[in-house]
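Have a look at the structure below, then the notes.
The values are calculated or read from the model by the stated rules, or taken from the named source; none is laboratory data. Remember, predicted model here, so these are calculated numbers, not experimental data. No Cβ is skipped: glycine too gets one built from the backbone with ideal geometry, and neighbour counts run over all protein chains shown.
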């Protein structure tokens, strides 16, 4: 026994002697090892673009320090650091680093222990606006959202099947929450898991509408999970949850579950508009007004603004009525609308006074009725001809309104104006009935 121990000590002493006699500098190896550990820790703590930018700044500082002409070197260094930093940041934001194959760089996307040695992480990105994975994102109605749930098994044995509950807060909460909860059985207690916070960008963020959960990224070929609480998750007035069966995960492995979702806009529409306006084309009036003066023989342009301030478009039926007042000394033009098979209501009125004191009557000119779209930086000016009959039985004005997330025009491009031409005639005798499409007594 003593012989074996002596031989072992001799062997260790011989090895140490050879290492010390060799050219290996243990102090240098230790310094390099510490430097590499520091670089790795820094890269894990900071984003890629920031790491590259700081490295370039360090090289620029070293170049300035060693240069004899520090002023010129400083100018070149500032320009180089600015260019490299900007290019790296833009490449990180819009380049391949944001693809689904790269792990999320969001600092708050952390693993959450759920149950039985399983950790989970939930992230989302707005495919309509933003395109970055995060646990807190901004969204508006009808934005295309994509969620990614990653579950890992930290144990040395396969995990049992689990039940995952997708929980979506209702429209009454301002900041919406989409969270995952986990349980060992459908009727057992559920442990809280990771969550994503959705920040509304307008009142257009209403009910949550999600697609089925699948293994991997959402695609037509992806395998759907077995649903236990409904085929498609839709949040009602209150908070709601929907359940899926998660398959067994092998030891020290992880699976990715993805799904698409969006928020519906509120089921509201509200058709309004300014008072019905008139301008005298014969007199060369450029602006519309709620009250004008005209004489027999004049041609008028009448416009009724139709604006839907709600979130859903609606079908509109319009009708115009001409009313002779004070024995023809002025005429009243009234616009009536019927919204989506509802009751008819008055939208606005315009007034035409007799400029000569003679009794006047109004009659629509045939073939000059149209629906106009305003010119904005979100829409081009358009003119759509409409059939005659707006002053007889009325006409269908089509669908008015709509909603666009983060609309720079605030919905003005959805406004329409019903425009038609009117001839001013002399009323022969108070109480006379005008021809079809004309004044009514």
Exercise for review: Any chance you could count how many residues in segment 270-314 are more than 22 Å from residue 409 (Cα to Cα) and part of a strand (DSSP E or B)?
Suggested key: 13
Practice item. Count, please, the residues in segment 367-388 that happen to be under 23 Å from residue 320 (Cβ atoms) and in contact (Cβ under 8 Å) with a residue 12 or more places away in the chain. Key: 14
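Results for (1) modelled with pLDDT under 90; (2) in contact with a helix residue (DSSP H, G or I) (Cβ under 9 Å, 6 or more places away or on another chain); (3) assigned to a strand (DSSP E or B); (4) loosely packed, with under 12 Cβ neighbours inside 10 Å, shown as yes or no for each residue.
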{"site": "389", "(1), (2), (3), (4)": "no, no, no, no"}
{"site": "398", "(1), (2), (3), (4)": "no, no, yes, no"}
{"site": "406", "(1), (2), (3), (4)": "yes, no, no, no"}
{"site": "422", "(1), (2), (3), (4)": "no, no, yes, no"}
{"site": "428", "(1), (2), (3), (4)": "yes, no, no, yes"}
{"site": "431", "(1), (2), (3), (4)": "yes, yes, no, yes"}
Practice item. Those residues that are modelled with pLDDT under 90, over 14 Å from residue 164 (Cβ atoms) and in a strand (DSSP E or B), I need them from segment 220-262; list them, please. Key: 234, 240
